[in-house]
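Asks: Here you go, one structure.
The values are calculated or read from the model by the stated rules, or taken from the named source; none is laboratory data. The shown structure was predicted, so the numbers you read here are calculated from the model rather than taken from an experiment. Positions of Cβ are generated from backbone atoms using ideal geometry, with glycine treated the same way; all protein chains shown enter the neighbour counts.
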Amino acid sequence: MPLYLCRWTNGDCSFVFAASKGEAIELLDEIGNAEGCPLTPIHDFMVHFRFNDDGILEFEEFGEITEDVLVETAYPILSDALLNAPRDEQTGALTPEGMEIVKAAVGKERERVKAKNGAEPDTELGKEIKKNTDAPTRLVDRIVHKVAREKLGRFQGRGKPH
């Protein structure tokens, strides 16, 4: 099952295991509607969490390859800025000018991704549900079709069919 990286329009990102992009969008609905957001399969992934004294897992770091792939894939403007921003020759830390370049790149990244228009639900009822809930089209269609099948399965018409 592939691991997908979702790059949200506000600059956030999420990872989700799913059988398909459609399923990934449904699972990501727990966070928000990912329709129209870039979803990229990720092949190398490693993340480390620290178990603190209060019994809480805290994010510690990504594996080197994961961080590189994440930044290059989801944040290409930032990746370029980090690669080319001026650094102190002795410490390797960003200079004040380099920090400004990175800040500007972060601002551009937050504006760069725009959601694409997703497919509309199959039915008028589905369109109304989507408008009121902002649920993914695939999920709305599945629910509407399931309820329709259940109702039609219980339907008993009067008289003989024509």
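Asks: I'm trying to understand the selection: among the residues of the range 100-119, which are surrounded by 14 or more Cβ atoms within 10 Å (Cβ to Cβ) and under 30 Å from Ala148 (Cα atoms)?
Replies: Scanning the range 100-119 gives a single hit, Gly118.
Asks: Which residues, counting only those in the range 21-33, are of a type in the set (Asp, Glu) and not in a loop (DSSP other than H, G, I, E, B)? Show your work before the answer.
Replies: Step one: list which residues in the range 21-33 are of a type in the set (Asp, Glu), which gives 23, 26, 29-30.
Correct list: Glu23, Glu26.
Asks: Still on this structure, I have one more. Given the criterion surrounded by 15 or more Cβ atoms within 10 Å (Cβ to Cβ), at pLDDT 80 or above and within 21 Å of Glu23 (Cβ to Cβ), identify the matching residue among Asp141, Asp122.
Replies: Details: Asp122 fails: surrounded by 15 or more Cβ atoms within 10 Å (Cβ to Cβ).
It is Asp141.
Asks: Take the range 95-139 and flag every residue that is closer than 20 Å to Asn10 by Cα, assigned to a helix (DSSP H, G or I) and small (Gly, Ala, Ser).
Replies: Ala104, Ala105, Gly107
Asks: Let me ask something additional. Assess whether Gly55 counts as being in the same structural domain as Lys114 (by TED's automatic domain parsing), at positive phi and touching a Gly at 6+ places or on another chain (Cβ under 6 Å). Break it down into steps so the answer makes sense when it comes.
Replies: Working: in the same structural domain as Lys114 (by TED's automatic domain parsing): yes; at positive phi: yes; touching a Gly at 6+ places or on another chain (Cβ under 6 Å): no.
No: the conditions fail for Gly55.
Asks: Kindly indicate whether any position in the range 74-95 is loosely packed, with under 13 Cβ neighbours inside 10 Å, touching a residue at least 12 places away in the same chain (Cβ under 8 Å) and over 28 Å from Leu5 (Cα atoms). Show your work before the answer.
Replies: Kept after step one, since they are loosely packed, with under 13 Cβ neighbours inside 10 Å, are these residues of the range 74-95: 83-84, 88-93.
Narrowing the set further to residues that are touching a residue at least 12 places away in the same chain (Cβ under 8 Å) leaves 84.
Cutting the leftovers down to over 28 Å from Leu5 (Cα atoms) gives us none.
No, the conditions are met nowhere in the range 74-95.
Asks: Would you tally the residues in the range 127-143 being more than 19 Å from Glu30 (Cα to Cα) and either over 26 Å from the mean Cα position of the chain (by Cα) or not charged (D, E, K, R) (or both)?
Replies: Keep residues of the range 127-143 that are more than 19 Å from Glu30 (Cα to Cα), which gives 127-128.
Pick out the ones that are also either over 26 Å from the mean Cα position of the chain (by Cα) or not charged (D, E, K, R) (or both) and you get none.
The total comes to 0.
Asks: Here is a further query. Which condition does Lys127 not pass, out of (1) among the basic types (Lys, Arg); (2) in contact with a Pro (Cβ under 6 Å, 6 or more places away or on another chain); (3) in contact (Cβ under 8 Å) with a residue 12 or more places away in the chain, if it passes all the others?
Replies: Failing condition for Lys127: (3).
Asks: In the range 100-124, which residues are without any contact (Cβ under 8 Å) to a residue 12 or more places away in the chain and not acidic (Asp, Glu)? Can you show your working first?
Replies: Of all residues in the range 100-124, those without any contact (Cβ under 8 Å) to a residue 12 or more places away in the chain come to 100, 103, 107, 111, 124.
Hits for the range 100-124 are Lys103, Gly107.
Asks: Then there's this: Which numbered condition trips up Arg142, out of (1) in contact with an Asp or Glu (Cβ under 7 Å, 6 or more places away or on another chain); (2) part of a helix (DSSP H, G or I)?
Replies: Arg142 satisfies every listed condition except (1).
Asks: Additional query: Determine the pairs where a residue that is over 16 Å from His48 (Cα atoms), located within the range 62-73, has a partner that is among the polar types (S, T, N, Q) and part of a helix (DSSP H, G or I) with Cβ atoms under 7 Å apart, the partner being 6 or more residues away or on another chain.
Replies: Val71/Ser79; Glu72/Ser79
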